[in-house]
1. On full extension of the chain, what length is gained from residue 78 through residue 128, given 0.36 nm per residue of separation minus the C-alpha to C-alpha distance?
2. What is the ratio of the Cα radius of gyration of segment 31-159 to 2.2 N^0.38 Å, where N is its residue count, to two decimals?
3. Per residue and in cubic angstrom, what volume does the convex hull of the Cα atoms of segment 174-242 have?
4. What lysines does residue 88 reach when the alpha-carbon gap must be under 28 Å and sequence neighbours fewer than 8 apart in one chain are set aside?
5. With r defined as the distance between the Cβ atoms of residue 241 and residue 167 and R0 fixed at 35 Å, what FRET efficiency is calculated, to the nearest 0.05?
6. How large is Rg/Rh for segment 97-155, to two decimals, with Cα atoms and a Kirkwood Rh?
7. Can you give the FRET efficiency for residue 157 and residue 32, using 1/(1 + (r/R0)^6), R0 = 51 Å, r = Cβ-Cβ distance, to the nearest 0.05?
8. Calculate the FRET efficiency for residue 113 and residue 17 from the Cβ-Cβ distance with a Förster distance of 45 Å, rounded to the nearest 0.05.
Amino acid sequence: MAEEGVHVLAGQAEIGAELGALIAAKAKEAISSRGVFTIAVSGGSTTKIFCQDMVKRADVGWEKWRVFMADERLVPLDQEDCNYKGYKDALVGSVPLAAEHIYPINPSLSVEAAAEDYTQKLKQVFSEDTPVFDVVLLGMGPDGHTASLFPGHKLLQEKTLLVAPISDSPKPPPNRVTLTFKVLNNARCAVFVCTGEGKAANVKNVLEGNEENLLPAALVQPLDGELHWYLDSTAASQLSSQ
Ligand SMILES: O=C(O)[C@H](O)[C@@H](O)[C@H](O)[C@H](O)COP(=O)(O)O
């Protein structure tokens, strides 16, 4: 299995293959130790990079997977920018992952009620007060946001909620729900996938910047877990080690 740290690969296909090998290993380990594999997944480019490799993997114990959204847009579940739809369409029917094991938010609720409802869905699957995901799969926006945790936003200080509502997201749509750092940093393994030149400056800030004014992505530091960053060569182009 890949050691934790920064993995620089040529492009999205190569990242998909390495990421898929890591996730497959984490799934097998979790299922043999605890009987279930829990993962929180992100939208944007991560969905395609993850799914295009994972659909080829038959032996990862799909029946035992429980898939939550790291963040979700408050949009109908059949709308193209719904993160849940991206995963459901790519995986259900192609691999033996049951549709009911991918957990959508309820977009008919207010954003506050949708966050509370999603918290209850977490509590149905996790016995711990703060869920311990086997893997949280994250992207980073060009501004350094991750999940729906944006630079300078008050949610960066959230210490109580597991799932938070946000109604002023700078990245559209404005209404979203997101896992908080409390949950992200309680994971056994946090994995970032980040590609493209537009991310290069903040990849450098996060991985080689100083400790002041940390961007949201830099605040993902699992308390007792691994941290991986999968980068393509353009996203990694400003790193001094490249
Ligand atoms: O908006 C969402 O749904 C996200 O989950 C978000 O946090 C995403 O991961 C980043 O914005 C990176 O997106 P890209 O990889 O598409 O740049």
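1. On the way: separation 50, 0.36 × 50 = 18.00 nm, distance 3.16 nm.
Using 0.36 nm per residue and subtracting the Cα-Cα distance, I get 14.8 nm.
2. 1.06
3. 113
4. Cross-link targets: 26, 28, 48, 56, 64, 121, 123, 171, 182, 199.
5. 0.35
6. Rg/Rh: 1.00.
7. 0.85
8. Calculated transfer efficiency: 0.65.
The values are calculated or read from the model by the stated rules, or taken from the named source; none is laboratory data. On a predicted model such as this, the values are computed, not experimentally measured, just so you know. Cβ coordinates were reconstructed from backbone atoms using ideal geometry, including for glycine residues, and neighbour counts include every protein chain displayed. The protein model used for the area step is the full one, side chains on, heavy atoms only, and it has no ligands, DNA or RNA in it. Shrake-Rupley method; radii C 1.70, N 1.55, O 1.52, S 1.80 Å.
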